[in-house]
Amino acid sequence: MNRNIAVDGPAGAGKSTVAKQVAKKLGLVYVDTGAMYRAMGIYFLRLGLSSEDEAGITKACSSAEVSIAYENGAQQVYLNGENVTGSLREEAVGNMASCSSVYPAVRRKMTELQQALAAKTAVIMDGRDIGTVVLPDAALKIYLTASVEERARRRYVELQEKGQSCPYEEIKKDIRERDQRDMNRETAPLRQAEDAVLVDATELSIDQVVERIFLLYQERMK
Ligand code: DC
């Protein structure tokens, strides 16, 4: 049996924070697949493409090379050889990633890259379609979610801590829109895999979620 863990769920549920800590505890490599879609988003934005231009985006896929590396244990994302990690979290990049990830050409490219990574080493990978499409044979699948209000609240606090302010209602609206797109696209929509364990983090701390996944994994690996 492989040792991989798949973590899927909507934006802002805490997937990456949790997955990073679980990776450390279990000696797995953490792979943030949203960061890869975001790197593709940067490329499309730089080309001045509209998120509605499927033909342009599909064509651009062939000249975009996304790769990842680890520096001091932290994932670094490279776009055509340039480290773009510092720009990945910008709102415009997140929106372009969410919009362009509906296109099959983008998904095909990212899925191949993610599967190649998991073939090399044991991973905990987070995203939207990891348990359903990318790693259907993962040893453990988690569907991590939380209420829209709680996810918006966490994002609001995170932005405030960075000295960037954005009205709470606007963040909530953005999260709702992203959920709609991620869950309703035709190719690889966000949904809970049949064999995934649902973890609702609305009233759980990060530590509690990490502990729950840790125990589930130990149980699976017996
Ligand atoms: O997890 P994130 O917010 O960094 O992801 C950005 C966007 O990328 C998200 O709105 C949808 C897309 N994405 C995806 O379609 N499939 C994945 N496995 C990961 C992310």
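If you take the residues in the stretch 115-130 that are away from the ligand (no atom under 13 Å from the Cβ) and in a helix (DSSP H, G or I), which one is nearest to G73 (Cα to Cα)? Taking the candidates together, the pick is K120.
Under the condition of being under 16 Å from C61 (Cβ atoms) and not in a helix (DSSP H, G or I), which residue from the stretch 79-107 is farthest from the ligand (Cβ to nearest atom)? Please lay out each step first, then the result.
Here is the first cut: in the stretch 79-107, the residues under 16 Å from C61 (Cβ atoms) are 79-80, 96-97, 99-107.
Checking the rest, the ones that are also not in a helix (DSSP H, G or I) come to 79-80, 101-103.
Numbers: L79: 15, N80: 19, S101: 3, V102: 8, Y103: 10 Å.
The qualifying residue farthest from the ligand (Cβ to nearest atom) is N80.
The number of residues in the stretch 33-48 being over 17 Å from V133 (Cα atoms) and in contact with a Gly (Cβ under 7 Å, 6 or more places away or on another chain) comes to 1. Condition first: within 16 Å of the ligand (Cβ to nearest atom) and in a strand (DSSP E or B). Can you find one or more residues in the stretch 34-46 that meet it? Checked against the condition, which is being within 16 Å of the ligand (Cβ to nearest atom) and in a strand (DSSP E or B), the stretch 34-46 yields no hits at all.
Among the residues of the stretch 51-89, write down those that are among the aromatic types (F, W, Y) and farther than 15 Å from L113 by Cα.
Y70
Here's a check for you: in the stretch 131-153, which residue that is within 13 Å of the ligand (Cβ to nearest atom) and in a helix (DSSP H, G or I) is surrounded by the fewest Cβ atoms within 10 Å (Cβ to Cβ)? Among those residues, the one meeting the criterion is V133. Taken over the stretch 1-33, the criterion of being in contact with a Phe, Trp or Tyr (Cβ under 6 Å, 6 or more places away or on another chain), surrounded by 24 or more Cβ atoms within 10 Å (Cβ to Cβ) and part of a helix (DSSP H, G or I) is satisfied by A19 alone.
Within the stretch 18-30, can one find any residue that is within 11 Å of the ligand (Cβ to nearest atom) and not aliphatic (A, V, I, L, M)?
Just the residues of the stretch 18-30 that are within 11 Å of the ligand (Cβ to nearest atom), to begin with: 19.
Okay, now just the ones that are also not aliphatic (A, V, I, L, M), so none.
Checked the stretch 18-30: no residue is within 11 Å of the ligand (Cβ to nearest atom) and not aliphatic (A, V, I, L, M).
Answer yes or no: is there a residue in the stretch 193-216 that is without any contact (Cβ under 8 Å) to a residue 40 or more places away in the chain and within 13 Å of the ligand (Cβ to nearest atom). Taking every residue of the stretch 193-216 in turn, none turns out to be without any contact (Cβ under 8 Å) to a residue 40 or more places away in the chain and within 13 Å of the ligand (Cβ to nearest atom).
Read-outs: derived from the displayed coordinates by stated rules, not from any lab. What you are looking at is a predicted structure, and each value in this text was computed from that prediction instead of being measured. With ideal geometry, Cβ positions are generated from the backbone for all residues, glycine too; neighbour counts draw on all protein chains shown.
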